[in-house]
Amino acid sequence: MTRLFDCLPALLILGLILLSPTGRVWADGQVPPTLMGSQDEVFDDPFDDPFAEEVTIADPLEPLNRGFFWVNDKLYILVFKPVARALRIIPEPGRLAVDRFFTNLETPVRLANCVLQLKPGKAGTELGRFLVNSTVGLLGLFDPAEHWFGWKRHDEDLGQTFGHYGVGQGIYLVLPIFGPTSLRDGVGLLGDSFIDPISSPWYLKLRPWEQIALKAADKENTLSLDKDTYDSIRTEQLDPYLFVRDAWAQHRRQKVED
């Protein structure tokens, strides 16, 4: 990571791999349904994107964001998707166990943000899940906390904490590899990186290449469990960029309101 301004794209790619605390933003929620038009709109162009008329987040950097969206699209097709599909030779129960391991490892991020949002019930659940799953669940490979006690995880992050206290999303951003985010959530991502055991300088104290390897393994494993959701978006939406932007913004709003 040298020559900050000359190598900004490479810096973003490396930095986001190192800092990203979780790759499960989309995994726990459904893509919001397309907005249906009223009968008064019967003569509207049937090919209009329904999201085009209702911008749910400010996007003044749309040309730049579309450029990064294109880069991420090509990376997905040429790199991430082939690797994820190759991982599918591993039986799904094995990949689910790996996913649970990383989910358990990310507990400090969720726990800290439950505390910051003054949600003691959720914080207690996260702490209980971590203690049970790290011991009886063999470092999180299994999830007895949910199966035995019904303790479901609460996906909280610093971006949601900011939103909980009234901080707006700010402008929409598309970042290399990480994909859609916002100014608020981007700052939250940086803050969470100091709590996430993989990237934190205080816990495991992993070398940069070890952090990259673990994050890459986590992301690819998560992608291997996805049922090609993005492929459907690419083929079915007239403008995948607008669909992803507005669906992501609605999803994040729902997470903050939860």
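Worth a mention:
- Of the numbered criteria (1) over 18 Å from the mean Cα position of the chain (by Cα); (2) among the aliphatic types (A, V, I, L, M); (3) surrounded by fewer than 17 Cβ atoms within 10 Å (Cβ to Cβ), the one Ile171 fails is (1).
- Residue check: Ile77 meets all listed conditions (1) within 20 Å of Asp143 (Cβ to Cβ); (2) of a type outside the set (Gly, Ala, Ser); (3) within 19 Å of the chain's Cα centre (by Cα); (4) at pLDDT 95 or above but one, namely (1).
- Exclusive hit being under 25 Å from Phe80 (Cβ atoms) and either assigned to a helix (DSSP H, G or I) or out of contact with any strand residue (DSSP E or B) (no Cβ under 7 Å at 6 or more places or on another chain) (or both), set Gly159, Gly163, Gly191, Gly168: Gly159
- With respect to (1) within 23 Å of Gly67 (Cβ to Cβ); (2) polar (S, T, N, Q); (3) surrounded by 15 or more Cβ atoms within 10 Å (Cβ to Cβ); (4) out of contact with any strand residue (DSSP E or B) (no Cβ under 6 Å at 6 or more places or on another chain), the lone exception for Asn221 is condition (1).
- The residues of the range 164-216 that are in contact (Cβ under 8 Å) with a residue 40 or more places away in the chain and charged (D, E, K, R), listed by number, are Asp185, Asp192, Asp196, Lys215.
- Restricting the range 151-168 to residues that are among the small types (Gly, Ala, Ser) and buried (at least 22 other Cβ atoms within 10 Å of the Cβ), the residue that is farthest from Arg66 (Cα to Cα): Gly163
- Any hit, the range 60-72, residues being farther than 30 Å from Gly168 by Cβ, modelled with pLDDT of 95 or more and among the acidic types (Asp, Glu): no
- Annotation for the range 99-114: no member residue is of a type in the set (D, E, K, R), at pLDDT 95 or above, over 27 Å from Ala216 (Cβ atoms) and surrounded by 18 or more Cβ atoms within 10 Å (Cβ to Cβ).
The values are calculated or read from the model by the stated rules, or taken from the named source; none is laboratory data. In this text the structure is predicted, and so the values were computed from the model without any measurement. Using ideal geometry, Cβ is built from the backbone for each residue, glycine included, and neighbour counts are taken over all protein chains shown.
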